[in-house]
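Below you'll find the structure, written out as structure tokens, and then a few comments.
Quick note: the coordinates plus some simple rules give every number you see, no bench work behind them. Because the structure is predicted, anything quoted here is derived from the model rather than measured. Positions of Cβ are generated from backbone atoms using ideal geometry, with glycine treated the same way; all protein chains shown enter the neighbour counts.
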């Protein structure tokens with residue numbers, strides 16, 4: 001039953017992320033159908049194009065963050081995570097500072113990278129800089145995502161969700177994403193650590209090589 005509840009919460013999260021661009025797309029189609037003014041039709045076409053682009057970018061990110069990933073093989077490039085985040089953040093108040101190499105790693109580690117970034121993004125609700133790094137060490141891969149913004153915040157909800165401290169009955173569309181992030185990290189043999197230095201909130205996770213290789217085997 002918990003698997004069904006988890007899936008339901010993730011679907012709710014995806015729907016929440018998509019409702020805005022899909023709604024704008026629908027509005028643009030309605031205007032285009034009813035409007036004869038060339039200027040208004042041009043505005044409607046521009047709205048449709050932008051909304052379709054946003055919806056596609058969010059779907060791509062959701063596939064990497066919550067899906068099984070359709071790429072052939074057991075490993076994918078971290079560059080896919082970078083491209084998905086760049087598309088997701090396009091035209092937003094948050095800029096991506098990507099400092100991770102385009103190395104091939106296990107799919108679940110890429111999934112963890114995306115989810116760490118999304119959790120860090122929630123710490124800067126007014127925008128700022130989302131910084132993502134990855135380092136291959138003798139012991140494993142260390143992933144870091146940090147939010148640096150004027151209204152950065154490290155909430156108790158985020159701490160509890162990442163640590164898996166919520167019961168399923170207490171989870172909602174906002175808490176499910178960091179809750180999943182913690183689940184993925186622990187499943188890979190690591191855990192998410194949190195810290196705040198001034199306006200910078202940092203989330204880190206170390207994935208042991210043994211777990212990375214096992215996931216890719």
Discussion item. Could you compute how fast the chain diffuses translationally, taking Rh as the Kirkwood radius over C-alpha pairs and applying Stokes-Einstein at 20 °C with viscosity 1.002 mPa s? Give it in µm² per second.
Written reply: 117
Discussion item. Using only the alpha-carbon atoms, how far is helix 107-121 inclined from the longest principal axis of the chain? Give it as 0 to 90 degrees, nearest 10.
Written reply: 70
Worksheet entry | Among 191, 167, 80, residue whose mean-square fluctuation peaks in a GNM of the chain (springs only between Cα atoms under 10 Å) | 167
Discussion item. Which residue fluctuates most in the GNM of the chain (Cα springs below 10 Å): 78, 89, 32?
Written reply: 32
Worksheet item: So what is the calculated 222 nm ellipticity per residue for the chain, using -39500 (n - 2.57) for each DSSP H run with n of 4 or more, over all residues, to the nearest 500 deg cm²/dmol?
Response: -18000 deg cm²/dmol
Worksheet, complete the sentence: To the nearest 10 degrees, the tilt of helix 38-66 (Cα long axis) against the first principal axis of the alpha carbons of the chain is 20
Item to complete: Enumerate the whole-percent occupancy of each 5 Å bin, from 0 to the last occupied one, for all C-alpha pair distances of region 80-186.
Response: 2, 12, 22, 22, 20, 14, 6, 1, 0
Response to the item:
So the angle from the long Cα axis of helix 78-89 to the longest Cα principal axis of the chain, reported in degrees to the nearest 10, equals 40
Worksheet item: Fewest first, what order do 183, 40 take by the number of other Cβ atoms within 10 Å?
Response: 40, 183
Worksheet item: Using 0.36 nm per residue, how much length does the chain from residue 174 to residue 92 gain when fully extended, once their Cα-Cα distance is taken away?
Response: 27.6 nm
